[in-house]
Amino acid sequence: MFGFVTGLSVSGLRTGSAKCSTYSGMKSVVPASARSVSTVMMAVPKPPESAVLGIGEKIPGSFFLMMSVLALFLGGYSVSESNLLEPLTPNSVKPLYVLGSLLLPISWGCHVAAWIQFKNGK
């Protein structure tokens, strides 16, 4: 994160501008005012081209977004119904819910694909 922050100014710092009343040898530092700190610039990554999606290059971003929301809800339902707070026994594990929980990472992937397509205007 520190590599992305540029343009900070510390010229407004003044040492010794205020004295402490109880100890005369102590110096204090007054922080810079908002006017002396220049604009903080952060690097925003450019989205990759749609070609990184492979066969999904021609699919619109709205389709990826709908699939992401659907996979999120189905995966969340599967995780909530799999009774993660109960002790796991061979009778309590339902394979359908285990497979449904794998939709959560797929939801994230569809979300990223939708972001790529929307940023590229597709």
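Numerical summary
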item: Output for region 110-122, where each listed residue is within 9 Å of Phe64 (Cβ to Cβ) and of a type in the set (Gly, Ala, Ser); result: Ala113, Ala114
item: Complete set of residues in region 37-80 that are modelled with pLDDT of 85 or more, in a loop (DSSP other than H, G, I, E, B), exposed (fewer than 14 other Cβ atoms within 10 Å of the Cβ) and among the aliphatic types (A, V, I, L, M); result: none
item: Any pair with Cβ under 6 angstrom, 6 or more apart, that starts in region 56-67 at a residue that is over 14 Å from Trp108 (Cα atoms) and without any contact (Cβ under 8 Å) to a residue 40 or more places away in the chain and ends at one that is open to solvent by less than 70 Å² (accessible area, probe 1.4 Å) and part of a loop (DSSP other than H, G, I, E, B); result: none
item: Number of positions in region 104-122 that are open to solvent by 50 Å² or more (accessible area, probe 1.4 Å) and either acidic (Asp, Glu) or not in a loop (DSSP other than H, G, I, E, B) (or both); result: 8
item: Selection status of Ser28, at pLDDT below 60, touching a strand residue (DSSP E or B) at 6+ places or on another chain (Cβ under 6 Å), small (Gly, Ala, Ser) and not in a helix (DSSP H, G or I); result: yes
item: Any hit, region 83-99, residues being assigned to a helix (DSSP H, G or I), surrounded by 11 or more Cβ atoms within 10 Å (Cβ to Cβ) and in contact with a Ser or Thr (Cβ under 6 Å, 6 or more places away or on another chain); result: yes
item: Residue match in region 78-93 (condition: over 19 Å from the mean Cα position of the chain (by Cα) and either closer than 19 Å to Pro47 by Cβ or aromatic (Phe, Trp, Tyr) (or both)); result: no
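The values are calculated or read from the model by the stated rules, or taken from the named source; none is laboratory data. From a predicted model like this one, the values you see are computed outputs, not experimental measurements. So basically every Cβ, Gly included, is an ideal-geometry build from the backbone, and we count neighbours across all protein chains shown. Just the protein is used for accessible areas: all its heavy atoms, side chains included, with ligands, DNA and RNA removed. Shrake-Rupley method; radii C 1.70, N 1.55, O 1.52, S 1.80 Å.
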